[in-house]
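What follows is a set of notes on a single structure, which appears directly below.
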């Protein structure tokens, strides 16, 4: 395959996502969430609520993660939570 044709194909593939419009169906949501480590694997946790519920947030988001005792777990990065109320992450066993 000639290099010029290869360049056109690769460029077209890279520009394709810019031409696709995102869908806007449904109601808007607000997302937040921390990143934890479970046995050296990074896990991003996403918590979402409808934007019209943001003003009802009165405290931090509470997340409890249950894992076997043999699984090492740690909070890698926390976030501000909804309305800057914070997020509390606790680890338990099951």
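One table, with the values for the structure above:
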| quantity | calculated |
| --- | --- |
| Residue, farthest from the chain's Cα centre (by Cα), within the range 57-94, restricted to residues that are under 19 Å from residue 30 (Cβ atoms) and exposed (fewer than 11 other Cβ atoms within 10 Å of the Cβ) | 58 |
| Residue in the range 20-56 that is farthest from residue 79 (Cα to Cα), counting only those that are in contact with a helix residue (DSSP H, G or I) (Cβ under 9 Å, 6 or more places away or on another chain), at pLDDT below 85 and surrounded by fewer than 14 Cβ atoms within 10 Å (Cβ to Cβ) | 27 |
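The values are calculated or read from the model by the stated rules, or taken from the named source; none is laboratory data. Just so you know, these numbers come straight off a predicted model, no measurement behind them. Please note: Cβ atoms are built from the backbone with ideal geometry, for glycine as well, and neighbour counts cover all protein chains shown.
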